[in-house]
């Protein structure tokens, strides 16, 4: 691995080690996991660099090994809009692979990131040899669906304070996370958080300032760190 500033660029081997122990692929059979990762290539991406774009017709799947990514959607006449933040262990891009359709979502790096890529052709070749590969693809798509349902559920919370708490916990990995995921800080701007929470920046800033004053979070230019997840989860039940 190589260090650039405060970020560590993972080697191909190190990236494989990470995605083998966290997220969707960690739960897959070892023979499938090894066969898939043998077809992978590593890519280092810079902040705000697209990893794949909405409506791209092809491109394969991507797994995050380090850093984080912002997930964007553009439905109907609106967008693109950021709806989620994900870290190491997240996989995306199965839509064109499974259904041969254009991408419904896009992902961009949030800060520096290391990702693994498996082409659409290589995944199809793997599935031709091991038909159960389609079951694992479906499992990953179902997890993406669960994230989407979590976003919808959060947006149905009427209280702006509770809605903000819910999205912070989700974005940091304390809610809607697969086993093995490690909680992290939320590396999004306040404008992006306000967009996700459907709040003005001034309203969101007031809520974040109050939460920080109560000792629940710490805000910095790098993002928002959760200091007391248990207390915030308790607030959601009030």
Can you compute the FRET efficiency between residue 156 and residue 32 using 1/(1 + (r/R0)^6), with r the Cβ-Cβ distance and R0 = 45 Å? Round to the nearest 0.05. 0.75
Using only the alpha-carbon atoms, how far is helix 120-129 inclined from the longest principal axis of the chain? Give it as 0 to 90 degrees, nearest 10. 60
I need the calculated FRET efficiency for the pair residue 198 and residue 102, taking r as the beta carbon distance and R₀ as 30 Å, to the nearest 0.05. 0.65
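Working out 0.36 nm times the residue gap between residue 128 and residue 206, then minus their Cα-Cα distance, what length gain in nm do you get to one decimal?
Working: separation 78, 0.36 × 78 = 28.08 nm, distance 5.42 nm.
Full extension from residue 128 to residue 206 adds 22.7 nm.
Please say if the range 28-131 is rounded, prolate or oblate, where rounded means a/c under 1.5 for a ≥ b ≥ c the square roots of the C-alpha gyration tensor eigenvalues, and otherwise the choice is prolate for a/b larger than b/c and oblate otherwise?
Details: a/c = 2.32, a/b = 1.35, b/c = 1.71.
Because a/c hits 1.5 or more and a/b fails to exceed b/c, the range 28-131 counts as oblate.
Rounded to the nearest 500 deg cm²/dmol, what is the calculated helix-only ellipticity per residue at 222 nm for the chain, with -39500 (n - 2.57) per DSSP H run of length n ≥ 4?
Details: 9 runs with 97 residues, N = 238.
The helix-only estimate for the chain comes to -12500 deg cm²/dmol at 222 nm.
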With the chain reduced to its Cα atoms and the Debye formula applied, log10 I(q)/I(0) at q = 0.07, 0.16 1/Å amounts to -0.23, -1.16
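For an R0 of 41 angstrom, estimate the FRET efficiency from the Cβ-Cβ distance between residue 234 and residue 139 and round to the nearest 0.05. Can you show the working numbers first?
Details: r = 32 Å, r/R0 = 0.77.
Efficiency, rounded to the nearest 0.05: 0.85.
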Stokes-Einstein D (µm²/s) once Rh is taken as the Kirkwood radius of the range 134-226 over alpha-carbon pairs, at 20 °C in 1.002 mPa s: 153
With springs connecting C-alpha atoms under 10 Å apart, model the chain as a Gaussian network and identify which of 223, 87, 213 has the largest mean-square fluctuation. 213
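Only the coordinates and a few stated rules stand behind these numbers; no lab work does. Computed from a predicted structure; not experimentally measured. Cβ sites come from the backbone with ideal geometry, for glycine too, and all protein chains shown count toward neighbours.
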